[in-house]
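**Student:** Next up is a structure, given as structure tokens.
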Amino acid sequence: MSYWLLKSEPAGFSIDDLARSPGRTTAWDGVRNFQARNFIRDGMKIGDLAFFYHSSCAEPGIAGIVKIMRTAYGDATALDRASEHFDARSSSDEPIWYVVDVRLERKLARVLTLEKLKQHAASSLSSLPLLKRGNRLSVMPVTKHDWDFILALE
DNA sequence: GCCAACGTTGGC
DNA sequence: GCCAACGTTGGC
């Protein structure tokens, strides 16, 4: 079993939006970066856990934990001309972009802020991609060590 | 709104 | 395959 971190802008889709979704489950759609796509398509397995990270907002940080409920399948928004995520190169037979289904496990009592995480950037969390300079990946792996360390900060 | 960092595109 | 131009991300 593996651990991950998923970024979302709460103005677009927040952890509360997920909490209100049917079955507290959603397809994690709209990923349009190949490295992130590969993590989704090739790495994520049912039962894996991921941090739900709020980006581009007043208080960036980890807002909760989700579980992978279904492995990768084609991202329907890539086929929808009306969607901002439409991509004419993708088709249902040969998808370019993929989603997994995720279910909310729990919200953190309070957002574990980026500021807090950064306090450990030079030591315990030095391998966390999120804290690497210039990192923009919206989907990234988290080691078990980092996962456990971050949860202990809660 | 600014800007650094980085991915993608497209001409050659 | 190179690389400049461009677009996007995301913290501040």
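**Student:** Given H placed 1.01 Å from N in the peptide plane, which residues other than close sequence neighbours of A:W97 have an amide H under 5 Å from its amide H?
**Tutor:** A:D75
**Student:** Further question on the same structure: Under 8 Å for C-alpha pairs, at least 6 residues apart: give me the relative contact order for chain A, rounded to a whole percent. Don't jump to the answer; show the numbers that get you there.
**Tutor:** Working: 299 pairs, mean separation 46.2, N = 154.
With pairs under 8 Å counted, the relative contact order is 30 percent.
**Student:** While we're here: Using alpha-carbon positions, what is the distance between the centroids of segment A:20-34 and segment A:40-103, in Å?
**Tutor:** The distance from the Cα centre of segment A:20-34 to that of segment A:40-103 comes to 5 Å.
**Student:** Between their Cα atoms, which of A:K45/A:K116; A:K7/A:K144; A:K45/A:K132 are more than 21 Å away from each other?
**Tutor:** A:K45/A:K116; A:K45/A:K132, as the Cα separations exceed 21 Å there.
**Student:** What is the angle, in °, between the Cα long axis of helix A:144-153 and the longest principal axis of the Cα atoms in chain A? Nearest 10 is fine, range 0 to 90.
**Tutor:** 60
Where a number appears in this text, it was derived from the coordinates with a stated rule and is not lab data. Predicted model, so just to flag it, every value in this text is computed and none were measured.
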